[in-house]
Amino acid sequence: MSTNTSAKAIFTRRESDARSYCRGFDTVFTSASGSQMTAQDGQQYIDFLAGCSSLNYGHNNPDMKAALIDHLQSDGLAHGLDMHTNTKGAFLEAFEQLILRPRDMDHKVMFTGPTGANAVEAAMKIARKATGRTNVIAFTNGFHGVTQGALAATGNSYHRGGAGVSLNNVTRMPFDGYMGQSCDTSELLETMLNDRSSGLDAPAAILLETVQGEGGLNAASGEWLQRIAKLAKDAGALLIVDDIQAGCGRTGQFFSFESMGITPDIVTLAKSISGFGLPMGLVLVKPEFDVMGPAEHNGTFRGNTHAFVTARVSIETFWADTAFEKDIARRAVIVEKGLNTIADMVPGARIKGRSMMRGVDVGCGELASKICRRAFQNGLIIETSGAEDQVVKILAPLTTPDAVLQDGLNILIGAAQDVLGAQKMAAE
Ligand SMILES: *Cc1c(COP(=O)(O)O)cnc(C)c1O
């Protein structure tokens, strides 16, 4: 224990107060494999956070790791600006053949700086340039990153406050379900778009997540998404789906919008697109809106050569046939069952999200974080989400073996029982 304490001293002494996840998971991690992480003190953890969905294929996938080691051994490029490289070419070939063509998407691939926020910045700039308009419609509880443009589209007041300047050129509208199930919020948007005195400036884009990752796992219905897509088209605005967290299989298929009956004009991807947890971001854009000039959205690290290697392997390994989708669907049922057990313990609790992007809204941030803290003590890494952090959120690697998934759920259920039991005792 004392070695662990001294190993942690450097972080409190020298690392900025801006550090975050390390506060909830206060240990020093040394290795990780599949769905398991190991700390310096020998404690093992099941990972239900997966780098906020950056590790959909688990930690250190052996095939990706071997390909990356091979690339390093043979002096493959570590950095190449955005020059043609064999690794970029191979990634694009695989992505075209196994992801875009089967889904009838003729989108161009634009590599941005290697973060989600940078991909969102690029997407908004493309839409503004393509339409000559400035306003972007974004939604309540949306999260799109913390650089200034992306932050303007983000709802969370804590993150917005960090900007230190006014955040402009975005109009916020209520997401699906925001006003309760009886209110169709797309009707409000439609009315305002069609009223020249609504005060709503003509939008360059409508930007949304189909399942709001940070905003509490609010899942939009297919009908709502289809209506929003039509409104965008009628208004001459581009539909941008931010699939940074919900994409790469998290919601059951490669893209979160695949079964929703929409094809976005622009899609942003980051987080799990490299497959291995390496930094990588990109924008998919329909050819007619591919309007950025050479280097107009410049960046030294556009595309990440090492990430191209692992990203290609992830596509070839998991998306060449439907076996992985079936695994995800089966695991999603296991997760749902586990979450239902917790929902049954907490009056008013609700299951949120879709497929392997799921959680339980326990109605109160304090309760949710107590459950997560207790789970961590018992060997499970799990986080909260939502406006009040009231949702216990499961983002297990999609490759988690069923038995490990069940073990993790059992820890979570046990943690909920412990916390609720202690609360009941305190109340008596
Ligand atoms: C994480 C996330 C981002 C920001 O990605 P970063 O790599 O953290 O900049 C943007 N949009 C969504 C939906 C996200 O989940």
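Sorting 65, 393 by solvent-accessible area of protein heavy atoms yields 65, 393, largest first, with a 1.4 Å probe. Here the label points at residue 82 and residue 198, each 7 Å from Cα along the C-beta direction, are separated by 3.4 nm in the simple model.
Helical content alone sets the calculated 222 nm signal of the chain at -12000 deg cm²/dmol, taking -39,500 (n - 2.57) per DSSP H segment of four or more residues and averaging over every residue. Extension gain for residue 157 to residue 364 (0.36 nm times residue separation, less C-alpha to C-alpha distance): 72.7 nm.
The calculated FRET efficiency for the pair residue 288 and residue 33, based on their C-beta separation and a Förster distance of 45 Å, comes to about 0.50.
Of the solvent-accessible surface of the chain, computed with a 1.4 Å probe over protein heavy atoms with every protein chain present, carbon and sulfur atoms account for 50 percent.
Rounded, prolate or oblate: which one fits the chain, using the alpha carbon gyration tensor with axes a ≥ b ≥ c (rounded when a/c is under 1.5, else prolate when a/b beats b/c, else oblate)?
Values: a/c = 1.60, a/b = 1.16, b/c = 1.38.
Taking the square roots of the gyration eigenvalues as a ≥ b ≥ c, the chain is oblate.
Residues in the stretch 77-318 average 40 Å² of solvent-accessible surface per residue, probe 1.4 Å, ligands and nucleic acids excluded. The percentage of C-alpha pairs in the stretch 143-209 whose separation is greater than 20 Å is 38%.
Ordered from highest to lowest accessible area with the whole protein assembly present and a 1.4 Å probe, 336, 366 read as 366, 336.
Starting from the residue with the highest accessible area, list 37, 356 in decreasing order, probe 1.4 Å. It would help to have the intermediate numbers written out before the result.
Values: 37 30, 356 5 Å².
Largest accessible area first, the list is 37, 356.
Be a star and scan the stretch 186-218 for residues whose amide nitrogen sits under 18 Å from the point 7 Å along the Cα-to-Cβ vector of residue 230. Inside the label zone: 186-195, 206.
Can you tell me how much longer the chain between residue 69 and residue 295 gets when fully stretched, taken as 0.36 nm per residue apart minus their C-alpha distance, in nm with one decimal?
Numbers: separation 226, 0.36 × 226 = 81.36 nm, distance 3.09 nm.
Extra length available between residue 69 and residue 295 comes to 78.3 nm.
Rg/Rh, computed from the Cα trace of the stretch 77-318 with Rh as the Kirkwood radius, has the value 0.96.
Take residue 146: with every protein chain present and a 1.4 Å probe, its accessible area is about 90 Å². One decimal place: the segment residue 423-residue 182 gains 83.4 nm when fully extended, by the rule 0.36 nm per residue minus the C-alpha distance.
The values are calculated or read from the model by the stated rules, or taken from the named source; none is laboratory data. No experiment lies behind these values; they were computed from the predicted model shown. With ideal geometry, Cβ positions are generated from the backbone for all residues, glycine too; neighbour counts draw on all protein chains shown. The area values use the complete protein model at the heavy-atom level, side chains included, leaving out ligands, DNA and RNA. Shrake-Rupley method; radii C 1.70, N 1.55, O 1.52, S 1.80 Å.
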